[in-house]
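The values are calculated or read from the model by the stated rules, or taken from the named source; none is laboratory data. Treat the numbers as computed from the prediction; the structure is a model and nothing was measured. Ligands, DNA and RNA are excluded from the accessible area calculation, which covers all protein heavy atoms including side chains. Shrake-Rupley method; radii C 1.70, N 1.55, O 1.52, S 1.80 Å.
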Amino acid sequence: METPDLIDAIVADIGRTLGRVEPAQVGDICAAISAADRIFIAGKGRSGLQMRAFAMRLMHLGLTAHVVDDVTTPAIGAGDLLLIGSASGRTSSLLRYVDALRETGAELALFTGNLDSPIAAAARKVAHIPASNFKAGRQTGVDSVLVMGSLFEHCLGLLCELIIIRLKAARRIDEAAMNARHANLE
């Protein structure tokens, strides 16, 4: 495939997938974020990188957001939200966070490609990104020009951006206020 054809195929794959995300699930995640005292963000690998970018944007909105595993992340507790991004919903370290969460009184929400997973079963709010197929707990892939789970990861990043746009509007925050919170030690 030539570059323009690949671009068209990538955009089509992403558009088709995001078009299948349930709007009510996105609304539920927005509501959970809005109701939380603090938002704790977790994910591993490339999904984790997308989630870290999401934490930054939440901070730009003026919300208190922490990335799990950072050395400055405080203890989570009642009134807080743990928001995980995981295609499989089975990553062992993320499952340990879910186990630890049970004793804290914090809520759990999830972006996932796998509704039949232990993290999805534990989460109160789940947004399903239908970019991954799982059989017996293993990813089998979907029909996409993108490789190795990239469809999920790109859709996760764009879905997080969509949520930021919705929260920005709901909180009536302008771009100048967000820019004022942007890092100045760069």
Global geometry of the chain, whether rounded, prolate or oblate, following the gyration tensor of its Cα atoms and the 1.5 cut on a/c: oblate
Amide H contacts under 5 Å for THR64, placed H, 5+ residues apart: ILE39
Heavy-atom surface of region 28-186, accessible at 1.4 Å and reported per residue (Å²): 51
Rounded percent of accessible protein surface that carbon and sulfur make up, region 62-186, 1.4 Å probe: 51
Gyration tensor verdict on region 1-52 (Cα atoms; rounded if a/c is under 1.5, prolate if a/b is larger than b/c, oblate otherwise): oblate
Under the Karplus curve 6.51 cos²θ - 1.76 cosθ + 1.60, θ = phi - 60°, whole-Hz ³J(HN,Hα) for region 12-27, x wherever Gly or Pro sits: 5, 4, 5, x, 4, 5, 5, x, 9, 6, 6, x, 5, 5, 5, x
For ALA127, residues with placed amide H under 5 Å, excluding near neighbours: LEU110, PHE111, THR112
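With both partners inside the chain, how many of the DSSP beta bridges are antiparallel, as a percent to the nearest 5? Spell out each step's value before the answer.
Working: 2 of 20 bridges.
Percentage antiparallel, nearest 5: 10.
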For ALA87, residues with placed amide H under 5 Å, excluding near neighbours: GLY113
